[in-house]
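Q: One structure coming up, written as structure tokens, with questions to follow.
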């Protein structure tokens, strides 16, 4: 089967492997690389913070027990392991808290699938920080575009886009770091198409974070095998009976998905979590913070709060009277009370069983009313605060429009401070500037 | 989520994990265990014969380069590796020749997905030959029943049942060897449901044999993680948005699939290949052998041969004038010529470029006519030989009705002789009787 036979009808494979293995336009990619650094910083912070979660321990112990060549860092241990194994553990660990970044275009988490792969292979190949960052960006851009092509239907039918689209991104980031040519990257992409998997049925179990580890390790494996001469069906993403058609993909016009590839970056639309609770509550908390600050009030001055949210979230994060720390993360009312009381909603420890019973929070919680309003985007919410003396302010916030990179950096630093402490966050930020794998290694090992 | 919440509507998961972790009825399982030994012998022979294929070398080198704890044998090397890695390599190697067994009820290859998992974990856990055989039988029975439940639609839509159903079987064989209880086996089954994958689009590439390695290693991994306390969605095979519904499964009445579980064995319907060519040609070759022997003729006496075959195979294995050894495997006419000329169609070396040009074979080939006939099952064919002196015999053969276990053993020994030589085949058969992993290890390592 010759290349031209198989790829004539595989425009996405053709364009995206060429993009992933080619040189980047320095000028046009600079803002995207700056966003990649922000995501890297975020990924490192949530990985370090999540390293002792039960699923993190189980998967780390599993790969540690297998052992093998000492190529790549595993978060939370000084023992290095084969790149594939490290990617599996680090993907799982970094998604354990579900506090990592999200891209709403494909409803996937790009960083936790791609960085574990690119970081492990950067270590294995001795890549520079620049090469590591560029490969990561390329992989996350590929995951975002392929994920968008697979579409929301793919996700809502039951596939977990983080795992599926993420595996393709991880394979291409890995291909780039291994120096594969287009033909090699096609073989990696074709191979990962038969390996990518992950079901939303696992949500709420350890399976969900493990999906990120699967995606990352599948990508590393596919690229290493392609590098060794493995021949797969190169167009298996797009072929008849290929991944897309068998996995309920929407498969819009490839032209739409490929538009501007290499010149503009869909990845730049990535969103970061600045509150350690359900992403569905974030827009309302941002609106509430702005209303609170505009009114310049203390908790006792609040008479009532009204939140307007997208109706589908009422089933997701509207536990009215949460009793546990976990339930608190899915409670618009208690999270709002935390914001009004000035608690640090970025810190994991804020969401405790005790917080659910704290008299000041309960009193504020009971003044909050939540209603579903049609027409709000899933990144939007409105908060209205009315004070005891009759003043009121109403703010609508869209987390998809959060301002420039400088504001994003400022907020991500505050998040890292909440997770790691002020000094560590500041030192880690400096390490991320050059992103040299050897420096990052020191942060991640136990 | 409590067990009763999740498993009320997961009858297959409930029954099959209970079966897989429970004790076997010795009397009722004896014939099935005898068939398991035949398949083990076949699996060992095709693994040894396939160890130097390009895909075998690539995947073996890949896992060897990773290294790790020395738990399990990898075919073709004295270096032992972690059980998961050995399962991946051995699955791939044993399917490299596509000469292993097939179960037509689910169109999958049971041995290459299950034995690599059960053998690796038998070595890791120090299991006896009896425990190894029982776990293998249980895994292959589970793969067969789950594969039949997924159905032909699942396969024809584009999923490779060897990889998908095989992973479930491998997970349950592995669970048994690790001594998991029902809850543990449910977690393994649930986890492998989110990990199982494999697309028929890979047929004709190295991806196909790799699927067997994926299935086997996915099963080992899922069971090891479940053993370590990993919590998955236990009913992910059957759940809403679970594996079956998202993978085009037919999902017939579970009662049909579970009927007789633990008492009768669907696995006993497994078929072995006795010719190193496309399975589609086997029934016609068996019919032709019987007709040839009945007439007791030499090649020069053959005036004409007429084969009647299922029409769908005309697109699969009817290359009229093959030019290469690979094409010869997909040529009814040349394979028939080999049978008439007394060539050993079980030997790999018979299918050579030279055979395609051999004057005696070409002369016989040109006397063979092939026609598609509606109503033949895919395991059936008819061969009619007419001699120069006007005699003729017509035989219809169904490879699904090949007689008892004794005949199967006799034919499998002949196959192993063709692959390994007479002495080796005889010694290997003795090793298979007890199936002690330590003895089998000596056969498989390089």
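Laboratory data are not the source of any read-out in this text; all were calculated from the coordinates shown. As the structure is a computational prediction, the values presented were derived from the model and not from experiment. All Cβ positions, glycine included, derive from the backbone under ideal geometry; neighbour counts span all protein chains shown.
Q: Taking a label point 7 Å from Cα toward Cβ, how far is residue B:157 from its twins in the other copies, in nm, shortest first?
A: Going from nearest to farthest copy, the values are 0.7 nm.
Q: Which one, A:310, A:359, A:54, has the greatest fluctuation when you compute a Gaussian network model over chain A with C-alpha springs under 10 angstrom?
A: The residue with the greatest mean-square fluctuation here is A:359.
Q: Further, regarding this structure: Inside 10 Å of the C-beta atoms of B:200-212, what's the mean count of C-beta atoms belonging to other chains?
A: 6
Q: Right, something else. Please report the spacing between the Cα centers of the range B:404-440 and the range B:258-301 in Å, no decimals.
A: About 18 Å separates the Cα centre of the range B:404-440 from the one of the range B:258-301.
Q: Sorting A:106, B:332 on the 10 Å Cβ count, fewest up front, what's the list?
A: A:106, B:332
Q: Next question, about the same structure. Other chains near B:242-249: what is the mean number of their Cβ atoms within 10 Å of each residue's Cβ?
A: 4
Q: If I fit a long axis through the Cα atoms of helix B:182-193 and take the longest principal axis of the Cα atoms of chain B, what angle between them do I get, 0 to 90°, rounded to 10?
A: 60
Q: Let me know the Rg and Dmax you get for the range A:279-398 when you use only its Cα atoms, in Å.
A: 13.0, 36
Q: For the protein assembly as shown, give the share of DSSP beta bridges that are antiparallel, in percent and rounded to the nearest 5; count only bridges with both residues there.
A: That works out to approximately 75 percent antiparallel.
Q: Now, a different point. Shortest first, in nm, what separates the label point of residue A:323 from those of the same position in the other copies (7 Å along Cα→Cβ)?
A: Nearest first, the other copies' label points are 7.7 nm away.
Q: Something else now. Quick one: order B:200, A:84, A:401, A:152 by neighbouring beta-carbon count within 10 Å, fewest to most.
A: Values: B:200 26, A:84 30, A:401 8, A:152 15.
Fewest-to-most Cβ neighbours within 10 Å comes out as A:401, A:152, B:200, A:84.
Q: Over the whole of B:377-385, what's the average partner chain Cβ count within 10 Å per residue? Rounded to a whole number, please.
A: Taking all residues of B:377-385 together, the mean is 0.
Q: What is the order of B:181, B:61, fewest Cβ neighbours within 10 Å to most? Intermediate results must be reported in sequence, preceding the final value.
A: On the way: B:181 11, B:61 15.
Starting with the residue having the fewest Cβ neighbours, the order is B:181, B:61.
Q: For Cα pairs less than 8 Å apart in space and 6+ apart in sequence, what is the mean separation divided by the residue count of the range A:279-398, i.e. the relative contact order in percent?
A: Once normalised by length, the contact order is 41 percent.
Q: A further question follows. What percent antiparallel are the DSSP beta bridges of the range A:279-398, to the nearest 5? Mind showing how you got there, number by number?
A: Working: 14 of 19 bridges.
Of all bridge pairs located within the range A:279-398, approximately 75 percent are antiparallel.
Q: List, shortest first and in nm to one decimal, how far the label point of residue A:430 (7 Å from Cα along Cα→Cβ) is from its counterparts in the other copies.
A: Between copies, matching label points for residue A:430 lie 7.2 nm apart.
Q: For chain A, find the longest principal axis of its Cα atoms and tell me its angle to the long axis of helix A:110-125, 0 to 90°, nearest 10.
A: 40
Q: Using Cα pairs closer than 8 Å and at least 6 residues apart in sequence, work out the relative contact order for chain A, in percent. Show your work: numbers first, answer last.
A: On the way: 936 pairs, mean separation 82.6, N = 446.
Answer for chain A is 19 percent.
Q: Taking Rh as the Kirkwood radius computed over C-alpha pairs, what is the Stokes-Einstein D of chain A at 25 °C in a medium of viscosity 0.890 mPa s, expressed in µm² per second?
A: Diffusion coefficient, whole number: 111 µm²/s.
Q: Report the equivalent ellipsoid semi-axes for the range B:67-154 in whole Å, largest first, defined as the square roots of five times the eigenvalues of the gyration tensor built from alpha carbon atoms.
A: Over the Cα atoms of the range B:67-154, the semi-axes work out to 25, 15, 10 Å.
Q: Just A:60, A:391, A:252 to compare: in a GNM of chain A, with alpha carbon springs under 10 Å, which one fluctuates most?
A: A:391
Q: Among bridges DSSP assigns within chain B, what percent are antiparallel (round to 5)?
A: Here the share of antiparallel DSSP bridges comes out near 75 percent.
Q: Please compute the Kirkwood hydrodynamic radius over the range B:1-137, one decimal place, Å, based on all pairs of different Cα atoms.
A: One over the average 1/r among Cα pairs gives 16.3 Å for the range B:1-137.
Q: Using Stokes-Einstein with the Kirkwood hydrodynamic radius over Cα pairs, what translational diffusion coefficient do you get for the range B:143-211 at 4 °C and a viscosity of 1.567 mPa s, in µm²/s rounded to a whole number?
A: 103
Q: Can you tell me the convex hull volume per residue for the range A:225-295, based on C-alpha atoms, in Å³ to the nearest whole number?
A: 213
Q: Roughly what angle does helix B:26-50 make with the longest principal axis of chain B, taking Cα atoms, 0 to 90 degrees, to the nearest 10?
A: 70
Q: Turning to a different aspect of this structure: With each run of n ≥ 4 DSSP H residues scored as -39500 (n - 2.57), what mean residue ellipticity at 222 nm is computed for the protein assembly as shown after dividing by its residue count and rounding to the nearest 500 deg cm²/dmol? Could you put the intermediate results ahead of the total?
A: Details: 40 runs with 495 residues, N = 892.
Counting only the DSSP helices, I get -17500 deg cm²/dmol.
Q: Something else: Taking R0 as 56 Å, what FRET efficiency do you get between residue A:344 and residue B:251 from their Cβ-Cβ distance, rounded to the nearest 0.05?
A: 0.70
Q: Over the Cα atoms of the protein assembly as shown, what is the Rg over Rh ratio if Rh follows Kirkwood?
A: Checking Rg against Rh, the ratio lands at 1.03.
Q: Considering only A:288, A:97, A:320, give the residue with the highest GNM mean-square fluctuation for chain A, with springs between Cα atoms whenever their separation is below 10 Å.
A: Comparing A:288, A:97, A:320 in a Gaussian network model of chain A, the most mobile one is A:320.
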